[in-house]
Amino acid sequence: MNNQELLEKSTSKRTRCIVYTRVMGYHRPVESFNIGKKGEHKQRIKFIESKNCL
């Protein structure tokens, strides 16, 4: 079964999630951003910290 079939099969079980990001010291939902700010958010590089920190 491919991804598209799985999505179509479980459509009734899916719910919309709200993505929050930190802006100027507080958290805001990304869906409230304007078009330009949403584009900037998509271009961000996610930081992944390595486990070998000293």
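Just so you know, all these numbers are worked out from the coordinates, no wet-lab data involved. Note that this is a predicted model, so its numbers are computed, not measured. For neighbour counting, all protein chains shown are included, and Cβ atoms are generated from backbone atoms with ideal geometry for every residue, glycine included.
The chymotrypsin sites (Phe, Trp or Tyr not before Pro) of the chain that meet both conditions, a loop assignment by DSSP and at most 16 other Cβ atoms within 10 Å of the site Cβ, are Phe33, Phe47.
Counted residue by residue at 0.36 nm each, then reduced by the alpha carbon distance between them, the extension gain from Ser12 to Phe47 reaches 9.3 nm.
Taking every Cα-Cα distance in the chain and sorting them into 5 Å bins starting at zero, the pair-distance distribution P(r) comes out as 4, 13, 15, 15, 11, 19, 14, 7, 2, 0 percent.
Exposure here means at most 11 other Cβ atoms within 10 Å; with trypsin sites (Lys or Arg not before Pro) in a DSSP loop as sites, the longest stretch of the chain lacking them is 17-43.
Counting only residues at least eight positions apart within a chain, or on another chain, the aspartates and glutamates with an alpha carbon under 19 Å from that of Lys13 are Glu5. So which lysines pass the test for Lys38, namely a Cα distance under 26 Å, with those fewer than 8 places away in the same chain ruled out? Partners within reach: Lys46.
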